[in-house]
Structures are given as C-alpha cells and as structure tokens.
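Enquirer: Okay, handing you the structure first.
The values are calculated or read from the model by the stated rules, or taken from the named source; none is laboratory data. Quantities reported herein were computed from a predicted structural model and do not represent experimental measurements. Backbone-built Cβ (ideal geometry, glycine too); neighbour counts: all protein chains shown. Note: accessible area is taken over every heavy atom of the protein model, side chains too, but ligands, DNA and RNA are not part of it. Shrake-Rupley method; radii C 1.70, N 1.55, O 1.52, S 1.80 Å.
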There are 2 protein chains.
Amino acid sequence: MSRRLSTQDADFDIRFAELLGAKREVSEDVDQVVREILDNVRIHGDGALVEYTKKFDRLEASSVDDLVVTDREMDAALEKVPLDTLNALKLAADRIRAHHQKQLPKNDRYKDHLGVELGSRWTAIEAAGLYVPGGLASYPSSVLMNAIPAVVAGVERIAMVVPSPGGILNPQVLAAAHIAGVSEIYRIGGAQAVAALAYGTQSIEPVSKIVGPGNAYVAAAKRRVFGTVGIDMIAGPSEVLIIADGHSNPDWVAADLLAQAEHDPSAQSILITNDEPLADAVAQAVERQLTTLPRQDVARASWQDFGAIICVKTLEEAMPLANRIAAEHLELAVADPEKLLEKVRNAGAVFLGHHTPEAIGDYVGGSNHVLPTARSAKFSSGLSVLDFIKRTSILKCTPDSLRALGPAAITLGEAEGLTAHARSVAIRLNL
Amino acid sequence: MSRRLSTQDADFDIRFAELLGAKREVSEDVDQVVREILDNVRIHGDGALVEYTKKFDRLEASSVDDLVVTDREMDAALEKVPLDTLNALKLAADRIRAHHQKQLPKNDRYKDHLGVELGSRWTAIEAAGLYVPGGLASYPSSVLMNAIPAVVAGVERIAMVVPSPGGILNPQVLAAAHIAGVSEIYRIGGAQAVAALAYGTQSIEPVSKIVGPGNAYVAAAKRRVFGTVGIDMIAGPSEVLIIADGHSNPDWVAADLLAQAEHDPSAQSILITNDEPLADAVAQAVERQLTTLPRQDVARASWQDFGAIICVKTLEEAMPLANRIAAEHLELAVADPEKLLEKVRNAGAVFLGHHTPEAIGDYVGGSNHVLPTARSAKFSSGLSVLDFIKRTSILKCTPDSLRALGPAAITLGEAEGLTAHARSVAIRLNL
C-alpha cells in the first residue's frame, strides 16, 4: 500500500510538504573521483580512456580505434533486432522528427522608428555528444529522443558514447542510433567518456554540448565540464502525476501509475482525485496488477515508498497542488481536460483525456520524453531543437540612428565609470 | 604593445591556438568554503545570513528584515541619481523592453494525420532571483539587462540580492532595479545570497531560477545549486573581436578595442584585418588613446596580456577564425558587413558596419548585453525572454488515434523490458 492523503485532513499541509520534500535519490559523493578522471583524460587523452575502459568496463583495447563501433558491428546489430521492433523505432523516429521540425524558430530582423536594425539569427551547434547508459537503462527510445532534435537542428556531427561492460552492447540501441542519424559511436562510458567529449583526445574531436542520462559519475562529470561545453538537465528519477475524476477507469489509472513505478524504485507515481470510490478502486487495481508484473519488485518498492493517492474536494483544488508537484508527466484523465490544462503552470508534459497513456509519449507520440524531473519543470523544459541551436543577436546603426541613441549611451558609460565605452560612441559623433 | 599574428606566418596555427587557449581567469578553488556556506544557510536560514553578512560585508543587522531595501531608501537613491542618468536608464529600459517583447514565443497546437493532437504551451517561471555584484562591478545597465527579460516573460516576483560592503549601495543600481520592476531587494551577497534564493529562509521565499554575474564564490554557489533551481551561464571576462577592412577608421577601431579592455585585466580585444596599414594605424591609435584613459592600467594590462591583431589575406579567411574565437561581441566594421554576417556561426552578438560601436549594445541598443563568453557562443545564447519561460508539451489521443499508434508503443515497451508501459496501452485497446 502507498500513502493516502486528503486535503480534508488536519495535517494535510505537513504531509504534502513531506511528500514534496522526500529525498528519492541518495546523492553519492563521487566528485573527487570524477575530478581525477576528468584531469587524467584531459592530460593523457586516448591512453587514459583505454585504461579506464579496461578498469571499469572490463574491456581490453589497444587503442581508441578499437573502441569505435564499426559499420560491420552496426550491420550485425541491425540483423539482430526483430523486424517489428525496427519498424516501431522507425515510426517513432518519423514522428519525433516531424514534431521537432515545428520547433525551429525563425530568424528575425527589423528596423525600429529610429532606424536602428535589430535581429536574432539562429545557428546550430556544430557538434553534440550523446551519452547513453550501458546495461539495463540502455533504452533505444532514449537514443531517438536525444539524437533526433540535434539532427533536426542541423548539428553536423553527433558523437555517441555508450559503455559496453564486458564488451556487450544492446543491438536495439545501435539500431536506434543508426535510424536517428548518429555520426560516430564509441564504446566508452562514465566520467571518462564525458571528459573525452568535452576536452577531446587524440582520436576523438571535442563536441560543444553533451546530452543524455547517466549515473552519479556521469552527472558529476557533466556538472564539472559545464562551461567548457553545454550540458542538458541532470535527470532524476521519473515521475507521473495523474489527475482523475469519477469518469476514469480505475484499471487504466492503475496501469499508468505502475508504468511509471516500474522504471526505478525511486520513481514516483501520484494520483489526485475528487472521487473517493475511484481512489479506493485504483488502490485495489494497483495491488492486483502488481502481482502479474515482471518488474513487480521495482514497481512495488516505488509505489510503497514514494507513491501517493491524494483526495481533493474539487478538481480545481487539485491544480495548485499539481503546480507545486511540477511533475515530469501530468495526466489529466478527466472528462474536461482542456479546462484543467489552462491552470497548469508547472509540468514537463501533459497528457489529455482518458485515451492518452503517458507511455505513448515515451515512444511514439512525437513529443520528447526527455523532460524535467524533481520539480525542475518550475524552471526548465523538455529537450527540444532549441537545445541544439543558439541565437546571435544583431545590431546595426546608421550615422543618424547613432546620433539619436549615442548621447544616452555616453551618459551611461560615464555614469558607470567606463570612459572608454563613452568615448567609442563620442568619437564617431565628433563629441 | 599587444601580440601580432598573420595567417602568412609559418607558426600561425600554433600561435592562434595559444591565443584561443590562453587561460584568462585564475580559477580559485572555493568549492569547499561555498559548500559549507550553502549548508549553513539551508539549515539555519536567516540566522546564517545575518552572520555571514556581518562577517563578509561588515554590515550589522539584527534580522533579515533590516537587510531589506525599503521604499524610503529607494526614494533617497532615486533623488541621488542625476536626471540625465535617470533618463538614459529609462530610455535603455524602454528599448530593452520593446526588443525583448518580440522574443515571446507563441503556443502551438495541431492535429496530425492520425488525429493525435500535439502542442507546446509556454508559461513564465513564477519567481526569479537576480544577483548583482557590489562594489566596482555594480552596473545599473546590468540590472536592466537581467531583470527586464524576466518582467517581459511574465515572472511575477523578482528578488534581487546585492552586497553592500560597509552598508554602501550604488544608488544607480537601485534606480535601475526600480525602473526595471524588481519586486524585492536584499542587501546580501556571496554564496550566502545564492543559498537564500535557492533554498529560501524564514524571511526570503525561494525562487526557481537565479541569474546575474558574480565573483568566484557566487559562480561556485550557482554551479552547486543548479538542479534545485535553474541558473544562467557562468560569465567569464568580456571579449570583443573586430573584423575591419581598409575602409575602417583606425581611431574608431582602437576606441572599440579599448572599450572592451577597460572592463577587466582579463578582458580580451582582438582585431582581424585584411589591411596591414590599418593594423599599424590601429596599434598606434590604441597606444595614443590609452594615455588619456582613466582606467588606463586596466585597459593596458588587458591589451598587453590578451589583446591581438591578426592579419589575414582576405576577409573570407577571417570568418573561420572568428567562428573558432566564438566571441561574445563581434564587430563587422567593414564595407559589406551583411556578406560576412552570413558566414558567422559562433558569436554572442554581432555589430554591423562602422557606426555600431559595441557600447551601443551595452546600453541602449535594445538587445541584451548578457552574452556568452569564453567560446561558449558555440553552444549558448545571450540572455533572453526564453530564459524565464518554460515549455510544457501536450499530447492528446482519441480512441482511434490510440488504436493507430498503440501497437508500436506496445512493441517498444516490450522490447525495452518495460511491461507495465506496454500494458498501460494494451489495457485501453483490449489487447
């Protein structure tokens, strides 16, 4: 059983704050180790990469060349993936590509009433690095979601790194990289792979931005190289918040709660409903469905430790709570989801109505499944084409418009004690 | 004298790489101290803030209430600022506001051929924190540039922190905060102020994102709280790259190089030209202008240590170099700047033609002067309204469109071993 809250309870505020504050991740202090790894790869390059890969991944290589995934290995991987999986990956890729193409912003250029021209010009990042975890959390869908926005943005080079413990790679992950349009793949991982992408080595050209999920070492490494390269969000465990009313099917709601819970014992699934009988029915359906789930242990741990059912008087009362939870995934499984949508302030992605299980968004909806976790939807967005482009601003004065604006600039330069700033304007105006 | 390079030199590649790689900032290792300060403020709140402010800013206060800038203090500050400065700040604010209003993206919603609805919905961050340095680097223009995009984005609450060593605050900075629309101002600074904004204290509500420049302690603190809140770029010393041809006025070019150099001994001013006589004339003009500059020592140190004049055969040859430099500010002071603009891949802001000194962009152009430094224009953009809004993605299936897409989602869920994902779709399709 998970916890049960009601806004009618006297201690609701305290218990809701506890739920929000629950520390779901143990933050390992790996910073010192990571620092040493980064320094070693920066100084020794390829040699350090080969050493670390031998040590951490039990993979022997005489050079970084040996760690490159070859065309032959790619062909072999593609043959190993069942045809229906390949087709599903291609359908997903097509839909992700189509949706992300709509995210490309337009350049802008205009002249204001003084004759000053202002503009914004968007260009793609030249090279991006994509971190893909090894082992169990190595998901082909995640490769599509990270790589395709970069391709759509116009990034010319996408270098993927993926650890292959004992030499084993997931063929589905390679297939997804192929379908997405990844340019280079290296069998390296951990902080050493992040260092190679950020600093470059003899064999690996540096990139300008690194994206993709990873363990505590990868997260610490990304935090440290931030500034040298761009990074995406540091992803935390996955979350779903479902707002349901009396029209919801309890079995469907339970299935969606468990789809999130099965990810990770630290995942969080929360239901908010204005219908007590639904709350009871969902709680029972969760227990029933859990018993037949292959990942029952994981899902049960998540549901028991971090799951919650919250009863509210009205659906309107649910919305401020939802905005405080700022969930990665928010399902509005109610009769009139559009009305509630207008009150959503903080959420990574919203799934409307009874027929949009969150799992559609994970795979084939077309929107991105890399979304802000751990309340960070309060200040950040899911991965998009915007993460792989940057804006250069443009300014152009004529002699006349400089004459109109110049005196104010001179005043501010002098006021800030920056005389050379003021002079660079004055000298053009013979002031 | 600064260094002089030519693409005709045999050792050009090495010397250009040296110029790019020059370490202009000593990175102080303040991480341990900062960690302790963050922990103390998180645990002890107001009490720790008062203690640190006494210790680091020599400012006694009995409570955080005493550190709030009152309406009366604001009125007194406004009276101290000369009228022409106030008017120049208002002109700047109006222009920044007008330009940034054009950056607001539109929400999007559409139905694809399967009947799946997809969309993006933009909402403002609820509360932003603005760090303003104390002392010399406390610039009113910087307050406008950081606060106005947040106001335009729709951020309801902007909390500004500014250290007041010995109790002294720059009245211009307060005036700029007033003009920009800052909601709250606290006389606190350093890592402790960043902690207060990120975690909140008894008296200060937490914010969702922290922006603004600061010293090594502030930068380290922002890096550490990243994730709990959003942060902007970690700003490095300022830079200008000027590309000039034989039509350029050497005095104007020299003035623009020095406007950048006067910021900081670590600032960097680079000229690239295809005209050797111009190179000579600029070098002489810089020496001449330096002698009459109040901040001569700063500007001379910057120009000697990090300045450079690079001669190229043709302007086309300049562009790949410019893209490797990825300057914060790029002036195209040539006869046909539009032609070169098309080849700009990496730059924070571009200033076109002979009549657009970079200082116009610092103050009254309307575009933002918070721009990516230290090559980070390769992967990031200047501050904009986009930094204060976030996108929620929207997905809505009908029973029919779920029937069309569902099987592929089920296939991928099964392929990834995420059975509950697959089931959440299958259960709705009676599969």
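Enquirer: Which order do A:MET1, B:MET160, B:MET74 take when ranked by solvent-accessible area (1.4 Å probe, heavy atoms of all protein chains), largest first?
Expert: Result of the area sort, largest leading: A:MET1, B:MET74, B:MET160.
Enquirer: Run the helix sum for the protein assembly as shown: -39,500 (n - 2.57) per DSSP H stretch of 4+ residues, divided by residue count, reported at 222 nm to the nearest 500 deg cm²/dmol. Please list the in-between numbers first.
Expert: Numbers: 34 runs with 388 residues, N = 862.
Calculated from helices alone, the mean residue ellipticity at 222 nm is -14000 deg cm²/dmol.
Enquirer: Please report how far the C-alpha centroid of the range A:189-267 lies from that of the range A:53-97, rounded to the nearest whole angstrom.
Expert: Going from one Cα centre to the other spans 20 Å.
Enquirer: What is the Cα centroid distance between the range A:289-341 and the range A:1-28, reported in whole angstrom?
Expert: Distance between centres, Cα-based: 13 Å.
Enquirer: Still on this structure, please answer the following. Over the whole of A:327-334, what's the average partner chain Cβ count within 10 Å per residue? Rounded to a whole number, please.
Expert: Details: counts 0, 0, 1, 1, 1, 2, 0, 0.
Averaged over the peptide's residues, the number is 1.
Enquirer: DSSP loop (so not H, G, I, E, B), at most 15 other Cβ within 10 Å: list which GluC sites (Glu not before Pro) in the range B:97-163 pass both filters.
Expert: Loop-located and lightly packed - B:GLU156.
Enquirer: What does the protein assembly as shown give for Rg and for Dmax, in Å, if only its C-alpha atoms count?
Expert: Here Rg and the maximum Cα pair distance are 27.9, 86 Å.
Enquirer: Next question, about the same structure. How shielded is B:341-352 by partner chains, expressed as the average number of their Cβ atoms within 10 Å of its Cβ atoms?
Expert: Details: counts 5, 1, 0, 4, 6, 6, 6, 4, 6, 7, 5, 6.
Average neighbour count from other chains, rounded to a whole number: 5.
Enquirer: Got a sec? Which residues in the range B:375-396 would a label at B:SER183 touch, if it sits 7 Å along Cα→Cβ and we count backbone N under 17 Å?
Expert: Correct set: B:388-390.
Enquirer: Right, next: Under a GNM of chain B (C-alpha, springs under 10 Å), which listed residue has the highest mean-square fluctuation: B:ALA77, B:ALA180, B:ALA409?
Expert: Checking each option, the largest mean-square fluctuation is seen for B:ALA409.
Enquirer: Here's something else I'd like to know. Only Lys, Arg, Asp and Glu count, each charged at its Cβ (+1, +1, -1, -1), so figure out the dipole size of chain A about its Cα centre, rounded to 20 debye.
Expert: Numbers: 42 positive and 55 negative charges, 302 e Å.
Dipole about the Cα centre, nearest 20: 1460 debye.
Enquirer: Here's a follow-up. Quick one: how many Å² of B:ARG15 are accessible to a 1.4 Å probe, rounded to 10?
Expert: Surface accessible to solvent at B:ARG15 totals approximately 70 Å².
Enquirer: Compute the label-point distances linking A:ARG109 to its equivalents in the other copies; points lie 7 Å from Cα along Cα→Cβ; give nm, one decimal, shortest first.
Expert: Distances between equivalent label points, in nm: 3.5.
Enquirer: Straight-line reach from A:LYS55: which lysines have Cα under 20 Å away, leaving out those fewer than 8 places along the same chain?
Expert: Qualifying lysines at Cα under 20 Å: none.
Enquirer: Follow-up question, since we're still on this one. Students often check this: by mean Cβ neighbours within 10 Å, which of B:342-353, A:257-268, B:32-43 ranks highest, and how do the rest follow?
Expert: Numbers: B:342-353: 22.2, A:257-268: 26.8, B:32-43: 17.5.
Ranking, from highest mean packing down: A:257-268, B:342-353, B:32-43.
Enquirer: Could you work out which residue, out of B:SER376, B:SER141, B:SER203, moves most in a Gaussian network model of chain B, that is, has the largest mean-square fluctuation with Cα springs under 10 Å?
Expert: Per the Cα network of chain B with a 10 Å cutoff, B:SER203 tops the list.
Enquirer: Give, rounded to the nearest 20 debye, the magnitude of the charge dipole that the range B:236-378 has about its Cα centre when Lys and Arg contribute +1 at Cβ and Asp and Glu contribute -1 at Cβ.
Expert: Working: 10 positive and 21 negative charges, 79 e Å.
Taking the Cα centre of the range B:236-378 as origin, the dipole is about 380 debye.
Enquirer: Measuring label to label, 7 Å along Cα→Cβ, what does A:GLU36 give against each other copy in nm, shortest first?
Expert: Once sorted, the set of distances for A:GLU36 reads 2.4 nm.
Enquirer: When Cβ neighbours within 10 Å are restricted to other protein chains, what is their mean count per residue of peptide B:111-122?
Expert: Values: counts 0, 5, 1, 3, 0, 8, 4, 8, 6, 8, 5, 1.
Shielding by partners across B:111-122 averages 4.
Enquirer: Continuing with the same structure: At A:GLY154, label 7 Å along Cα→Cβ: distances to the other copies, nm, ascending?
Expert: Ordered by increasing distance: 2.9 nm.
Enquirer: Let me ask another. Which lysines, on any chain, are close to B:LYS106 with Cα under 21 Å apart, when same-chain ones fewer than 8 places away are left out?
Expert: Partners within reach: A:LYS102, A:LYS106, A:LYS339, A:LYS343, A:LYS378, A:LYS390, B:LYS390, B:LYS396.
Enquirer: For chain A, what % of the accessible area comes from carbon and sulfur atoms, probe 1.4 Å? Can you show the working numbers first?
Expert: Details: 8190 of 16040 Å².
Carbon plus sulfur share of accessible area: 51 percent.
Enquirer: Keeping all protein chains in place and using 1.4 angstrom, which order do A:THR419, B:THR292 fall into by accessible surface area, from largest down?
Expert: Working: A:THR419 25, B:THR292 85 Å².
Descending order: B:THR292, A:THR419.
Enquirer: Let me ask another. With the dipole of chain B worked out from charges on the C-beta (+1 for Lys and Arg, -1 for Asp and Glu) around the Cα centre, which of B:TYR52, B:PRO357, B:ALA98 lies farthest toward the positive end?
Expert: Toward the positive end, the furthest listed residue is B:ALA98.
Enquirer: Just the number, please: Stokes-Einstein D of the range B:73-161 in µm²/s, Kirkwood Rh from C-alpha pairs, 4 °C, 1.567 mPa s. Intermediate results must be reported in sequence, preceding the final value.
Expert: On the way: Rh = 15.9 Å.
Diffusion coefficient, whole number: 81 µm²/s.
Enquirer: Another question about this same structure. At q = 0.12, 0.18 Å⁻¹, what base-10 log of I(q)/I(0) does the Debye formula yield for the range B:236-378 when every alpha carbon is treated as an equal point scatterer in vacuo?
Expert: For the range B:236-378, the Cα-only Debye profile gives -0.41, -0.98.
Enquirer: I want to verify a result. In a Gaussian network model of chain A, Cα cutoff 10 Å, which of these has the top mean-square fluctuation: A:SER27, A:SER381, A:SER248?
Expert: Of A:SER27, A:SER381, A:SER248, the most mobile in the Gaussian network model is A:SER27.
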